[in-house]
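Please read the structure below before turning to the comments.
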Amino acid sequence: MHSVSLRLRPQPENYDIKIGANLISHLGAEARACLGPESRQAALISNPTVFDLYGRQAVRSLRASGFKVCHWLMKEGERHKSLRSLEQALGFLSQSRLERTDCVVALGGGVVGDLAGFAAATYLRGITFVQVPTTLLAQIDASVGGKTGINLPAGKNLAGAFHQPRLVIIDTNSLRTLPARELTSGWCEAVKQGAVGERKLFERTVRLLRNRPRDFGRWLGNRDSQTEIGLTIAAHCRFKASIVAGDARETPGRDDAKSRRILNFGHTTAHALEVVTAYRRFRHGEAVGYGVVVAGEISKNLGMLSADELESLREAVRACGSLPRANDLDVSKLLHAMKGDKKSVAGQLKWVLLERIGKAQIVNGTHVDRRAITSALRAGLQPLR
């Protein structure tokens with residue numbers, strides 16, 4: 001088994017991130033080594049599509065390592081990351097008679113990981129969970145850092161908990177079965193992380209985007225390509241780990257460049273897009289793609305970001321793939337949705353903007369007037385051609 005191993009250290013919890021091909025078949029052995037002999041049962045949460053692809057392999061691996069396995073499949077889609085689904089997940093854990101030494105395994109994308117993680121955080125006041133992300137977005141972002149949660153009618157991720165996984169297993173083979181839109185969604189999130197992380201990470205991501213062939217699944221079948229994508233995913237996980245280790249719970253008073261808030265770049269607009277369209281039009285990363293461009297436009301409007309840097313940002317998002325239409329949405333409704341953003345402090349939004357690619361700055365909403373936001377929305381939500 002050829003893989004990359006990272007150790008995330010968000011005090012007081014430490015955990016390993018394993019990245020490589022065919023790792024789902026090693027899930028049981030990795031979980032047993034991490035959790036020890038006292039863990040008897042694994043409750044697997046997934047959705048029908050992912051379970052059909054990888055569920056039986058995951059269950060076999062867990063049983064081979066001595067786990068009793070039960071599973072529950074949630075409905076698919078962001079709109080099902082809800083209180084109703086959480087109630088069903090908790091009912092499943094209760095009926096399965098999980099004990100505190102047992103674990104929850106999240107097999108799927110960000111929606112599955114967020115819901116399963118929140119259920120694990122609340123059942124018996126917190127039990128162990130293992131992340132097995134199967135989408136690119138979840139692999140580089142959602143599965144790392146311990147944010148779990150659900151959506152409320154008023155906004156996205158308004159209920160949740162910080163609950164770190166004990167282990168993250170990233171099987172790059174799962175990317176071969178992803179629909180094109182899911183890949184686009186993940187690449188947009190990768191561009192976002194590169195933009196606020198460091199220019200080297202941004203350029204590495206854009207280089208991979210430009211060089212990848214149209215048949216991404218077949219390309220991933222090549223060992224060298226597997227290595228390249230694995231190392232790129234590792235670079236993104238390493239960057240996020242470095243931020244989370246210094247600010248695991250997103251401290252409200254921090255506005256420095258190492259604050260976990262910088263990872264919210266593009267998300268104020270993205271969450272508004274998702275809320276206004278009832279979570280039905282955009283994949284999360286697609287909305288982030290637009291959000292990145294809008295935040296870049298605001299940065300330019302405030303005299304922070306050069307036109308050349310903004311164009312580099314736009315070109316990077318364009319390289320991710322086509323995005324659903326957004327320029328038909330009512331700007332006033334988007335502005336209203338932004339007011340419910342969970343990242344507000346003392347009633348004011350905190351915008352993550354750019355001084356340049358690789359250098360983010362957190363700006364209080366009082367310094368970003370409505371005209372600058374409106375102008376940025378109208379420019380940033382145009383089709384990227």
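Between Ala121, Ala195, which is assigned to a helix (DSSP H, G or I), out of contact with any Gly (no Cβ under 6 Å at 6 or more places or on another chain) and assigned by TED's automatic domain parsing to the domain that holds Gly321?
Numbers: Ala121 fails: assigned by TED's automatic domain parsing to the domain that holds Gly321.
Sole residue among the options that is assigned to a helix (DSSP H, G or I), out of contact with any Gly (no Cβ under 6 Å at 6 or more places or on another chain) and assigned by TED's automatic domain parsing to the domain that holds Gly321: Ala195.
Any residue at all in region 282-297 that is among the basic types (Lys, Arg) and assigned to a loop (DSSP other than H, G, I, E, B)? Don't jump to the end; show me each part of the working.
As a first pass, look at region 282-297 and keep what is among the basic types (Lys, Arg): 283.
Then keep just the ones that are assigned to a loop (DSSP other than H, G, I, E, B); that gives 283.
Checked against the condition, which is being among the basic types (Lys, Arg) and assigned to a loop (DSSP other than H, G, I, E, B), region 282-297 yields at least one hit.
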Taking interchain pairs and intrachain pairs at least six residues apart, which have beta carbon atoms under 6 angstrom, with the first residue in region 46-58 and in contact (Cβ under 8 Å) with a residue 60 or more places away in the chain and the second assigned to a loop (DSSP other than H, G, I, E, B) and not charged (D, E, K, R)? Asn47/Met74; Val50/Thr134
I'm trying to understand the selection: among the residues of region 148-161, which are in contact with a Gly (Cβ under 7 Å, 6 or more places away or on another chain) and either more than 24 Å from Glu274 (Cα to Cα) or at pLDDT below 95 (or both)? Ala154, Gly155, Asn157
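Give the residue, chosen from Val130, Val144, Val104, that is among the β-branched types (Val, Ile, Thr), buried (at least 24 other Cβ atoms within 10 Å of the Cβ), under 17 Å from the mean Cα position of the chain (by Cα) and at pLDDT 95 or above.
Numbers: Val144 fails: at pLDDT 95 or above; Val104 fails: under 17 Å from the mean Cα position of the chain (by Cα).
One residue alone meets the criteria, Val130.
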On the basis of being in a strand (DSSP E or B) and either out of contact with any Lys or Arg (no Cβ under 9 Å at 6 or more places or on another chain) or among the acidic types (Asp, Glu) (or both), does Ile45 make the cut? yes
Go through (1) more than 26 Å from Phe216 (Cα to Cα); (2) surrounded by fewer than 20 Cβ atoms within 10 Å (Cβ to Cβ) one by one and return the number of the condition Arg385 breaks. (1)
Report the residue count in region 154-169 for those that are surrounded by fewer than 23 Cβ atoms within 10 Å (Cβ to Cβ) and in a strand (DSSP E or B). 8
Identify, by number, the condition in (1) buried (at least 18 other Cβ atoms within 10 Å of the Cβ); (2) in contact (Cβ under 8 Å) with a residue 24 or more places away in the chain that Ser94 doesn't meet. (1)
Please enumerate the residues belonging to region 79-95 that are modelled with pLDDT of 95 or more and not polar (S, T, N, Q). His80, Lys81, Leu83, Arg84, Leu86, Glu87, Ala89, Leu90, Gly91, Phe92, Leu93
Note: among Ser39, Ser46, Ser25, Ser3, just one is touching a Gly at 6+ places or on another chain (Cβ under 6 Å) and modelled with pLDDT of 95 or more, namely Ser46
Contacts under 7 angstrom Cβ, first residue in region 199-219 being touching a residue at least 24 places away in the same chain (Cβ under 8 Å), partner exposed (fewer than 13 other Cβ atoms within 10 Å of the Cβ) and in a helix (DSSP H, G or I), 6 or more apart: none
Pull up region 64-91, narrow it to residues that are of a type in the set (S, T, N, Q) and assigned to a helix (DSSP H, G or I), then point me to the one that is surrounded by the most Cβ atoms within 10 Å (Cβ to Cβ). Ser85
When the residues of region 202-255 are narrowed to those that are aliphatic (A, V, I, L, M) and over 18 Å from Ile170 (Cα atoms), which ends up modelled with the highest pLDDT? Val206
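Looking at Ala316, is it buried (at least 19 other Cβ atoms within 10 Å of the Cβ) and either outside any strand (DSSP E or B) or not aliphatic (A, V, I, L, M) (or both)? Even if it seems obvious, please write down each step before you answer.
Numbers: buried (at least 19 other Cβ atoms within 10 Å of the Cβ): yes; either outside any strand (DSSP E or B) or not aliphatic (A, V, I, L, M) (or both): yes.
Yes, satisfied.
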Kindly check whether there is at least one residue in region 34-42 that is buried (at least 16 other Cβ atoms within 10 Å of the Cβ), under 21 Å from the mean Cα position of the chain (by Cα) and assigned by TED's automatic domain parsing to the domain that holds Phe92. no
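Restricting to region 358-371, name every residue that is more than 25 Å from Gly253 (Cα to Cα) and either of a type outside the set (Lys, Arg) or buried (at least 17 other Cβ atoms within 10 Å of the Cβ) (or both).
none
Could you list all residues from region 298-310 that are in a loop (DSSP other than H, G, I, E, B) and aliphatic (A, V, I, L, M)?
Kept after step one, since they are in a loop (DSSP other than H, G, I, E, B), are these residues of region 298-310: 302-306.
Within region 298-310, Leu302, Met304, Leu305 meet the criteria.
The values are calculated or read from the model by the stated rules, or taken from the named source; none is laboratory data. It should be emphasised that the depicted structure is a prediction, and the values quoted were computed from it without experimental measurement. Virtual Cβ from ideal backbone geometry, glycine too; neighbours counted across all protein chains shown.
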